[in-house]
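Single-structure report; data block below.
What follows draws every value from the coordinates through simple rules; no lab data is involved. Computed from a prediction, not measured in an experiment: that's the story for all the values here. Note: ideal-geometry Cβ built from the backbone for every residue, glycine included; neighbour counts use all protein chains shown.
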Amino acid sequence: MGVGYLIGGASGAMIAFLIAAAMNLYSYWNSDRLVLSMHDAQEVDARTAPDLYQIVASLAQNAGLPMPRVYLMDNPQPNAFATGRDPQHAAVAVTTGLLQVLNRDEVAGVVAHELAHIRNRDTLIMTITATIAGAISMLGQFGMFFGGGHRDNNGGGMGIVGTIAMVLLAPIAAMLVQMAISRTREYAADRMGAQISGKPTALATALAKISDMAHHVENPSAEHAPATAHLFIINPLSGHRMDNLFATHPATENRIAALQELARHIGEVGGYHQPNRSYTPRTPAGGPWGSSGQGRRSGPWG
């Protein structure tokens, strides 16, 4: 509303309020559908993607979470994200590139990281953050249509210089909001995800592979919706144009170092290590992977 007032006075503030209220209500109830549609994610099940579905189901049970919906994005860049307003309305989406590049343990580490976001209810916070970022950027663009800014009762105005400043500063403000929320939560999700899968080293190697390929393989849907970049496990943006303003993730090397330190403390036992006493995790028969074994499978992911 403050941004709207600077751009359009009282009427601008009212327009900003209506936009903010509508977008936040819509994003709360439809955040998963909104984000998934932006990235053209298609829902899969045990028949269409049996291996991926089994991984998600096993880890969700292991972490004491309801089974989330599973989505696949036809995208060559290895990456993944989770969305949804709560664990009962959550979804995990991975790219086809992720399944092609990573082995089974690494895919499991990535999925466990996303399940950690769901359990911590980060998905709601991060989706609302994306909505706020989009709203601020939209208001900045509206400044172009207000011309010389608003005219108050005293006849003053912000002027064209102020309007241009708002157009430039609004995306930066959006970026700062994303950074403030996203970075610490990535460390927390890495730690809990490693505990859920029981394989911190596998998650560390997955992060290294994803980070390396993200610099060489473009993610078209993320490039068109950069305000959703912080949802992904690794920043999906190539850094072209203004993309570097949306670098919301901690340095991958620091995340890997933290996981390696965690591995030294808990070991690689292939099971869940309870991070707190708020719930009791369940381990499926035959270990966290059931009877499927470990390592990359020779068959297709589906």
Inset, instruction - Give the calculated FRET efficiency between residue 254 and residue 57 to the nearest 0.05, with a Förster radius of 41 Å applied to their Cβ-Cβ distance. - result: 0.85
Inset, instruction - With label points built 7 Å along Cα→Cβ from the Cα atoms of residue 18 and residue 266, find their separation and express it in nm. - result: 5.0 nm
Inset, instruction - Starting from the Cα-Cα distance between residue 215 and residue 48, subtract it from 0.36 nm times their residue separation and give me the gain in nm to one decimal. - result: 57.1 nm
Legend entry - Inter-centroid distance (Cα atoms) of region 248-262 relative to region 83-124, Å: 18 Å
Legend entry - Rough spin-label spacing in nm, given labels placed 7 Å along Cα→Cβ, for residue 184 and residue 11: 4.2 nm
Inset, instruction - Provide the gained length on full extension for the span residue 67 to residue 38, in nm with one decimal, where the gain is 0.36 nm per separating residue minus the Cα-Cα distance. - result: 8.2 nm
Legend entry - Net lengthening on full extension, residue 208/residue 25 (0.36 nm per residue, minus Cα-Cα): 62.2 nm
